[in-house]
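Everything below concerns the one structure shown next.
The values are calculated or read from the model by the stated rules, or taken from the named source; none is laboratory data. Not measured: the values here are computed from a predicted model. Note: ideal-geometry Cβ built from the backbone for every residue, glycine included; neighbour counts use all protein chains shown. Just so you know, the surface numbers come from the protein's heavy atoms only, side chains and all, with ligands and any DNA or RNA stripped out. Shrake-Rupley method; radii C 1.70, N 1.55, O 1.52, S 1.80 Å.
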Amino acid sequence: MSLSELMDKDAIQQVYIRYCEIVDAKDFDRMDEVFHEDCVGDYTQALGPGVISPNRASLIASMHANLGPDSSCGATHHNVLNFRIAVDGDRATAKVHYYAVHRGRGRWDGALYSMWGQYADDLVRTPSGWRVARRVYTVALTDGPSEVVAGP
């Protein structure tokens, strides 16, 4: 493996770490640091048929709705692990496991909702660094009431 490939893989891992930091800070408008403007997010397996975000703006709006200040979700803690990254020039694929815990508020005050799953992503190199261009989001296990992350 070349030094360049190692540097690309590290830079891509940092995209996932930055994602966790941004989500947990609830600073969703900074997702331009993670997702390409035209990224497509496929959430069908986790949320049902046809749940696809056609671009970054849609993903950000969904985060505001499901995790933001007007939602049932309070503090969160996201973790990423088991990085499997393949770089091919200015494109890459990644499969990354995640674990996320969400504390409820309002009607769900104090409840915890935990999720374990995988991001299967296509990434592209941009002038600003690596960005997710397509995400297939899957959930393997959950625990607790999903209503904690179901919006207002």
- Give me the pairs, please: first residue somewhere in region 110-131 and within 17 Å of Gln13 (Cβ to Cβ), second residue anywhere and open to solvent by less than 30 Å² (accessible area, probe 1.4 Å) and of a type in the set (S, T, N, Q), beta-carbon distance under 7 Å, and either six or more positions apart or on two chains. none
- Any residue in region 50-63 that is within 24 Å of Ala111 (Cβ to Cβ), of a type in the set (Val, Ile, Thr) and open to solvent by 20 Å² or more (accessible area, probe 1.4 Å)? yes
- Could you tell me whether Arg103 is free of Cβ contacts under 8 Å to residues at least 60 places away in the same chain, farther than 30 Å from Asp10 by Cα, charged (D, E, K, R) and surrounded by 14 or more Cβ atoms within 10 Å (Cβ to Cβ)? yes
- Confirm whether Cys20 is in contact with a His (Cβ under 9 Å, 6 or more places away or on another chain), in contact (Cβ under 8 Å) with a residue 40 or more places away in the chain, under 23 Å from Leu6 (Cβ atoms) and among the hydrophobic types (A, V, I, L, M, F, W, C). yes
- Query: When Glu147 is evaluated against the numbered criteria (1) over 20 Å from Val51 (Cα atoms); (2) not in a strand (DSSP E or B), which criterion, by number, is the only one it fails?
  - Reply: (1)
- Item | Only listed residue being open to solvent by 30 Å² or more (accessible area, probe 1.4 Å), hydroxyl-bearing (Ser, Thr, Tyr) and within 20 Å of Val51 (Cβ to Cβ), chosen from Thr126, Thr138, Thr93 | Thr138
